[in-house]
1. Grab the other residues whose beta carbon is less than 11 angstrom from that of Glu84, score K and R as +1, D and E as -1, and report the net.
2. Obtain the radius of gyration and the Kirkwood radius of the stretch 20-134 from its C-alpha atoms and give Rg over Rh.
3. Can you tell me the dipole magnitude for the stretch 47-138 around its Cα centre, using point charges on the Cβ only (Lys, Arg +1; Asp, Glu -1), in Debye to the nearest 20?
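Please treat every number below as a calculation from the coordinates, not as lab data. Computed from a predicted structure; not experimentally measured. Cβ atoms come from the backbone with ideal geometry, glycine included; neighbour counts cover every protein chain shown.
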Amino acid sequence: MFKTGYRANNNVKECNQCGKCCIKYSNGRLTTAASQIDYWYDHKPEIYKYVKDGNIWFDPETGKQIELCPWLRKEPNQNKYTCEIYFDRPDDCKFYPSTLDEMVADDCEMIEEKDLANPKQGQKSLDIIMKDSRQEFEY
Ligand code: SF4
Ligand code: SF4
């Protein structure tokens, strides 16, 4: 979510920060590695407090599942969003989007008509754009 980077062969646009993926998946549909949760526990208590039994995101006060990701911020006067914990975001956020089918289902704005016409090339372009975001992190 919120990827920018190299654009291959003019396929698959950069993320325009429309926020649709964050809004769709933040209500209990995001996961991350246990090692990242351990990292938050040790180094990012402000994030860890939204974790409950290894799941994200829960209200630290009520213990209830949060409807909308607490780290999603809307830019003033723009239809554009940012992530307040971008460099510490969950693994699912780092890996999204992973397939063209997922992008179509979510109406992701990175996709272009020509990607649908040539899905093999579209997927290749997506994988190149996402390479940095998907890299393994040592927690
Ligand atoms: S953690 Fe960041 S990237 Fe992930 S859903 Fe929330 S705002 Fe979006
Ligand atoms: S839906 Fe696609 S274009 Fe919109 S923020 Fe998510 S990754 Fe970016």
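1. Details: positive: Arg73, Arg89; negative: Glu46, Asp88.
Overall, the nearby charge balance is 0.
2. Values: Rg = 15.7 Å, Rh = 15.5 Å.
When Rh is taken as the Kirkwood radius, the ratio is 1.01.
3. Working: 13 positive and 21 negative charges, 32 e Å.
Dipole magnitude for the stretch 47-138 comes out near 160 debye.
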